[in-house]
1. Which whole-Hz ³J(HN,Hα) couplings does segment 30-36 yield from phi under the Karplus relation 6.51 cos²θ - 1.76 cosθ + 1.60, θ = phi - 60°, glycine and proline marked x?
2. Please rank Met174, Met136, Met121, fewest neighbouring Cβ atoms within 10 Å first, as an exposure proxy.
3. Quick check: residue separation of Asp24 and Asp250 times 0.36 nm, minus the Cα distance between them. What number comes out in nm?
4. Could you please tell me the mean projected area of the C-alpha convex hull for the chain, averaged over all directions and given in square nanometres to one decimal?
5. Can you give the angle from 0 to 90° between the axis of helix 134-146 and the longest principal axis of the chain, with both taken from C-alpha atoms, to the nearest 10?
6. So if I place +1 on the C-beta of Lys and Arg and -1 on the C-beta of Asp and Glu, and nothing else carries charge, what would the dipole magnitude of the chain be about its Cα centre? I want it in debye, nearest 20.
7. Where in segment 81-109 does the amide nitrogen come within less than 14 Å of the point 7 Å from the Cα of Glu180, taken along Cα to Cβ?
8. Counting only other residues whose beta carbon sits under 12 Å from that of Leu245, what net charge do I get with K and R as +1, D and E as -1?
Amino acid sequence: MASGIRIEIAGLSKQFGAVTAVDDLSFAVEPGRVTGFLGPNGAGKTTTLRVLLGLVRATAGTATFDGRRYEDLDRPLETVGAALDANFHPGRSARDHLKVYATAAGISGSRVPAVLEQVGMSEFADRRVGGYSLGMRQRLALAYTLLGDPGVFVLDEPVNGLDPEGIKWIRGFMRSLAHEGRTVLVSSHLLSEVQQSVDDIVIISRGRLVKSGPLSTLEAQTAAATIVDSPDRVALAAALDAAGLEYTEDGEGLVVAEPDPGRVGHAAFVGGVELRALHARRSGLEETFLALVEGGEQ
């Protein structure tokens with residue numbers, strides 16, 4: 001296994017005629033971590049990945065693996081495993097599908113049963129792909145990425161359309177690869193699909209970088225508030241006003257722009273107000289993510 005490989009996107013731009021799909025994009029993907037490449041449909045994710053994998057030529061900038069373009073790698077399948085636009089012959093078995101690619105890449109045929117076992121497909125190996133479920137096709141695509149035992153994995157929307165069991169399995173699969181020191185880049189248009197498995201995030205919108213860094217930095221950015229309610233909302237509102245706390249009203253009670261419920265509770269206590277609800281509320285990461293891509297600003 002080739003390990004410790006860093007992906008670097010530097011000043012990358014791609015234009016299709018008058019349309020700019022990727023605009024001066026720069027970010028890095030580190031080994032031993034799962035990086036979520038996020039953005040709405042049409043943000044430029046797939047174009048970026050296609051440039052990275054040598055399928056599309058960049059208008060400007062570079063996309064490299066430890067400083068080398070994909071087309072300059074000596075044995076690409078032994079460096080990069082990519083699940084992008086996977087196509088399967090419906091009449092061919094999973095075993096035969098993988099044998100074709102292993103032979104073409106000069107990879108030992110012994111890797112075929114090994115990777116089928118790794119993705120839990122051994123018992124279905126000789127069944128025709130045309131009869132596979134979406135989840136089984138996703139697993140076969142991942143088996144292909146494992147053929148060369150690479151140090152880098154590039155996965156485009158791997159959980160799209162899967163049931164909860166399939167999503168859970170793929171999350172574990174990506175985490176295990178990172179734990180082995182491999183570099184994992186996974187794209188998605190929904191943060192909620194990958195937030196339980198990624199360490200870092202790269203968010204783009206309209207082809208430009210919006211945010212990059214550890215997932216924890218996005219978690220810290222989520223807006224926090226305190227929900228408080230009382231049988232006497234008028235008195236509660238007066239107590240909050242006296243404490244200089246801003247608030248709005250919704251179905252749960254008063255939403256106070258203060259992350260510490262203790263401060264809100266103290267204001268009510270000072271005002272002699274009985275409470276029936278007091279708890280923190282944090283907006284979901286998905287809402288924060290959507291706000292970022294809709295704003296399109298760093």
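Computed from the coordinates by the stated procedures, all read-outs in this text should not be read as laboratory data. Since the structure is predicted, the reported quantities are computational estimates derived from the model, not experimental observations. In this analysis, Cβ positions are derived from the backbone assuming ideal geometry, glycine residues included, and neighbour counts consider all displayed protein chains.
1. Taking θ as phi minus 60°, the curve returns 8, x, x, 9, 9, 10, x Hz for segment 30-36.
2. Details: Met174 24, Met136 18, Met121 21.
Arranged by neighbour count, lowest to highest, Met174, Met136, Met121 become Met136, Met121, Met174.
3. On the way: separation 226, 0.36 × 226 = 81.36 nm, distance 4.23 nm.
My answer for the length gained is 77.1 nm.
4. 19.2
5. 60
6. Dipole size: approximately 1360 debye.
7. 81-82
8. Combined, the nearby Lys, Arg, Asp and Glu give -3.
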